[in-house]
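I have placed the structure first, in the form of structure tokens, so that the comments after it can refer back to it.
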């Protein structure tokens with residue numbers, strides 16, 4: 001079953017405050033630690049310092065925490081991905097979306113810790129985001145992608161400039 005078809009064939013969309021357990025997954029390549037549980041959550045209460053560490057791990061520029069907090073508060077959807085091992089929980093992925101609450105949503109800040117990349121978890125994170133947006137009847141989902149991740153999103157069914165529409169941007173001088 002294709003990625004997009006799998007999103008539309010199930011009616012098991014989680015509620016906004018529900019934590020979603022996904023699967024058991026080995027947290028390290030080396031076998032010195034037992035299996036860790038990976039789960040997703042739509043809770044907005046995220047430790048901003050932990051999120052900053054995650055963004056640092058992938059080389060993103062630092063942003064003022066007060067603005068990050070405001071962005072999260074004003075987002076339509078927040079999805080975080082966690083590694084749980086015993087009583088220790090670690091933020092390993094994050095994404096959020098803004099929306100007009102009717103037709104359109106834009107996905108922002110998709111980040112997966114480098115230790116967990118290339119294992120299907122980025123795809124799983126995106127699937128959770130899109131599934132939740134579709135459960136809210138959002139039909140037009142957009143995002144902005146750096147050149148090095150365009151193929152990742154293309155493999156999930158996203159298209160560059162569909163129907164010749166060109167995005168326009170305004171930046172302060």
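In region 156-173, which residue that is at negative phi and in contact with a helix residue (DSSP H, G or I) (Cβ under 8 Å, 6 or more places away or on another chain) is surrounded by the fewest Cβ atoms within 10 Å (Cβ to Cβ)?
Here the residue is 160.
So residue 101 fits all but one of (1) surrounded by 12 or more Cβ atoms within 10 Å (Cβ to Cβ); (2) closer than 27 Å to residue 159 by Cβ; what number is the exception?
The failed condition is (1).
Mind telling me which of the residues 45, 53 ends up being over 25 Å from residue 151 (Cα atoms), at pLDDT 95 or above and not in a strand (DSSP E or B)?
Testing whether each residue is over 25 Å from residue 151 (Cα atoms), at pLDDT 95 or above and not in a strand (DSSP E or B) leaves just 53.
Can residue 63 be described as under 28 Å from residue 104 (Cα atoms) and loosely packed, with under 15 Cβ neighbours inside 10 Å?
The answer is yes for residue 63.
Take region 117-133 and flag every residue that is touching a residue at least 60 places away in the same chain (Cβ under 8 Å) and surrounded by fewer than 21 Cβ atoms within 10 Å (Cβ to Cβ).
The initial filter retains those residues of region 117-133 that are touching a residue at least 60 places away in the same chain (Cβ under 8 Å), namely 119, 121, 123-125, 127-128, 130-132.
119, 123, 124, 127, 131, listed by residue number.
For residue 141, which of the numbered conditions (1) surrounded by 14 or more Cβ atoms within 10 Å (Cβ to Cβ); (2) in contact (Cβ under 8 Å) with a residue 12 or more places away in the chain; (3) within 20 Å of residue 57 (Cα to Cα) fails to hold?
(3)
Take residue 58 and decide whether it is at pLDDT 95 or above and surrounded by 18 or more Cβ atoms within 10 Å (Cβ to Cβ).
Numbers: at pLDDT 95 or above: yes; surrounded by 18 or more Cβ atoms within 10 Å (Cβ to Cβ): no.
It is false that residue 58 is at pLDDT 95 or above and surrounded by 18 or more Cβ atoms within 10 Å (Cβ to Cβ).
The values are calculated or read from the model by the stated rules, or taken from the named source; none is laboratory data. Every value quoted in this text rests on a predicted model; they were computed, and no experiment measured them. Neighbour counts run over all protein chains shown; Cβ positions are idealised from the backbone, glycine included.
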